[in-house]
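Shown next, in structure tokens, is the structure this report addresses.
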Amino acid sequence: ELKVEQNPLFLSMQEGKNYTIYCNYSTTSDRLYWYRQDPGKSLESLFVLLSNGAVKQEGRLMASLDTKARLSTLHITAAVHDLSATYFCAVDPTQGGSEKLVFGKGTKLTVNP
Amino acid sequence: ETGVTQSPTHLIKTRGQQVTLRCSSQSGHNTVSWYQQALGQGPQFIFQYYREEENGRGNFPPRFSGLQFPNYSSELNVNALELDDSALYLCASSLTGSIKLFFGSGTQLSVL
């Protein structure tokens, strides 16, 4: 059974600082997703990572994937308050994709002024 | 905007009742997946429908059932509601083989 673990689960950081969220998963996968969720809202797609060594960046967020280590990271650069949200990684357990995602528990990020 | 709409947005039911949640997928998307997100947790896969047939189920009992219709809409039905069914229910539509899932805004179900 595929397990997806995120850490930390809670992250409080100051504006302007950098930090990394980690996502480990237990079985082989070729698709990893990162989502953002604001309180009471749905999931906003951030990145889809498909291959070993994939790196994607959007604004202050950068995601990477190491399929051999079964590890993805979401790096936050020079955090701003607007990045406060819960971030989820999700793994598709089926080679070639099935859209039946297994999610981590999420990392609740709070960026303080 | 993802083009996926869910109704209702909020719903309050009592234990033992039955509920139907609705999802309207993007036009042309032949796959719809439903997820349950309990408070403070990540979404959990309930089941998926592809071309109106169930195409995989997560660890949920049979009182969770679904339907998918030819017009790209779908339903999630839950019988004999329990307090633990209180959660945000999300549907996600996709085109099989595509890497992108489009999530709806969700239905918040409270069971009292």
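Any read-out appearing in this document is the output of simple, stated calculations on the displayed coordinates, not a laboratory observation. These numbers come from a predicted model, not from an experiment. All Cβ positions, even for glycine, are placed from backbone atoms using ideal geometry, and neighbour counts span all protein chains on display.
Counting only other chains, what is the mean number of Cβ atoms within 10 angstrom of the Cβ of each residue in peptide A:40-48?
Average per residue, whole number: 5.
Shielding of B:41-53 by partners, i.e. mean partner chain Cβ atoms within 10 Å per residue?
4
Give me a single rounded figure for B:97-104: the average over its residues of other chain Cβ atoms within 10 Å of their Cβ.
Across the residues of B:97-104, the mean count of other-chain Cβ atoms within 10 Å is 5.
When A:88, B:69 are ordered from fewest to most other Cβ atoms inside 10 Å of their Cβ, what list results?
Ascending Cβ contact count within 10 Å gives the list B:69, A:88.
If the viscosity is 0.890 mPa s and the temperature 25 °C, what Stokes-Einstein diffusion coefficient in µm²/s follows for the protein assembly as shown when Rh is the Kirkwood radius over Cα pairs? Provide the component values of the computation, followed by the final result.
Values: Rh = 18.0 Å.
Translational D for this selection: 137 µm²/s.
For a quick check: sort B:51, A:31, A:36 by the number of other beta carbons within 10 angstrom, fewest at the front.
B:51, A:36, A:31
Starting from the Cα gyration tensor of chain A, multiply each eigenvalue by 5, take the square root, and state the resulting semi-axes largest first in whole Å.
Largest first, chain A gives 24, 14, 12 Å.
Take peptides A:37-50, B:93-106 and line them up by average Cβ neighbours within 10 Å, highest first, as a rough protection proxy.
B:93-106, A:37-50
Taking the Cβ of each residue in A:21, B:12, A:76 as the centre, tally the other Cβ atoms inside 10 Å and list the residues starting with the fewest. Let's see the in-between values first.
Details: A:21 24, B:12 12, A:76 21.
So the residues, fewest neighbours to most, are B:12, A:76, A:21.
By average Cβ neighbour count within 10 Å, what is the ranking of A:99-107, B:83-91 from highest down?
Result, highest mean Cβ count within 10 Å first: A:99-107, B:83-91.
Within 15 Å, Cβ to Cβ, of residue A:80, how many net charges do the neighbouring residues add up to if Lys/Arg are +1 and Asp/Glu are -1?
Residues close to residue A:80 contribute a combined charge of -1.
For the stretch B:43-112, what number results from the quotient of the Cα radius of gyration and 2.2 N^0.38 Å? Walk me through the intermediate numbers first.
Details: Rg = 12.6 Å, N = 70, 2.2 N^0.38 = 11.1 Å.
That works out to 1.14 for the stretch B:43-112.
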